[in-house]
Amino acid sequence: MKQALYAGLLLGLVPIQTTVLHYASIGGIRPDLCLIAACLAGFVAGEREGMMLGFALGFIQDLFSAGELWLNLVTKGLIGFLAGLVGRFLANATPVAMLATLLGLSVVSGTVFLMAVRMGEGLADLFFVTRSILLPQALFDAAVGTGAYWLIARRGRTDHATQERPGPLW
C-alpha cells in the first residue's frame with residue numbers, strides 16, 4: 001500500500017502541480033505540492049522516508065523544469081528530513097504543529113530559491129518579492145499541508161465506540 005501511494009505521488013504530483021493548479025491559483029500563487037508531500041511524509045513516516053520522497057520528487061521537478069539544476073532535489077530532500085526530525089521529537093503532533101512546521105520549512109525553501117534566482121538584484125526588489133510572493137506562497141503551502149495532515153490524522157484516530165483503529169494512510 002505504501003509503495004503504491006509513493007508511486008502515485010511520484011507520477012502524479014508534478015503534472016497536477018503544473019497543469020491543474022494553474023486554475024486553482026490565488027493571485028498567481030500555487031501551493032508547492034511536492035514540498036507539502038515531502039513534509040507530510042517526513043512528519044508522519046519519519047525522516048528517512050521524508051528525505052527519500054523529497055529527493056525523488058525534487059529530482060522529477062528538476063527533470064521537467066528549466067530552473068537551477070539539483071536545487072529542487074536538495075531542498076525537497078532536506079525539507080522531508082527536517083520535517084521528520086520535527087515529527088520525531090514532537091511530543092504531541094497536532095495540526096497547529098504541522099502548520100508551524102510547514103510554514104517555517106516553506107519559508108526556508110522559498111528563501112533558498114529566491115537567493116539562487118535573484119542573487120544580484122537590489123535589496124528593495126528582494127523585499128518586494130518576499131512580501132508579495134514568498135510569504136503568500138508559504139502561507140498557502142501551510143494551509144494546504146495542514147488540511148492534508150488533518151485528514152491523515154483524523155483517519156488514524158481510534159473509534160471509541162467500536163475500539164477499532166483504522167490504519168494510517170501510510
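Values quoted throughout were computed directly from the atomic coordinates according to the rules given, and no laboratory measurement underlies them. Keep in mind that this is a model prediction, so the values were computed, not measured. Reconstructed Cβ throughout: ideal geometry from the backbone, glycine too, with neighbour counts over all protein chains shown.
Observations, loosely collected:
- Residue-averaged [θ]222 nm for the chain, counting only DSSP H segments that reach four residues, each worth -39500 (n - 2.57): -23000 deg cm²/dmol
- Theoretical gain in end-to-end length, Arg88 to Leu126 [0.36 nm per residue, Cα-Cα removed]: 10.2 nm
- Over the chain, Cα pairs under 8 Å with separation of 6+ residues give a relative contact order of 22 percent.
- Highest mean packing comes first when the peptides 141-151, 85-95 are listed by Cβ atoms within 10 Å, giving 141-151, 85-95.
- Over the range 1-102, relative contact order from alpha-carbon pairs under 8 Å, at least 6 apart, %: 27
- Ordered from longest to shortest, the equivalent ellipsoid semi-axes for the chain are 29, 17, 15 Å, each the square root of 5 times a Cα gyration tensor eigenvalue.
- Gain in span if fully extended, Ile26 to Trp150, counting 0.36 nm per residue against the direct Cα distance: 42.5 nm
- Note on the chain: with charges restricted to the Cβ of Lys and Arg (+1) and Asp and Glu (-1), its dipole about the Cα centre is near 380 debye.
- Folded to 0 to 90 degrees: helix 2-18 orientation relative to the chain principal axis, Cα: 30
- By average C-beta atoms within 10 angstrom, highest first, the peptides 19-31, 35-47, 118-130, 51-63: 35-47, 51-63, 19-31, 118-130
- Per-pair calculated FRET efficiency, R0 = 25 Å: Met119 and Trp70 via Cβ, rounded to 0.05: 0.95
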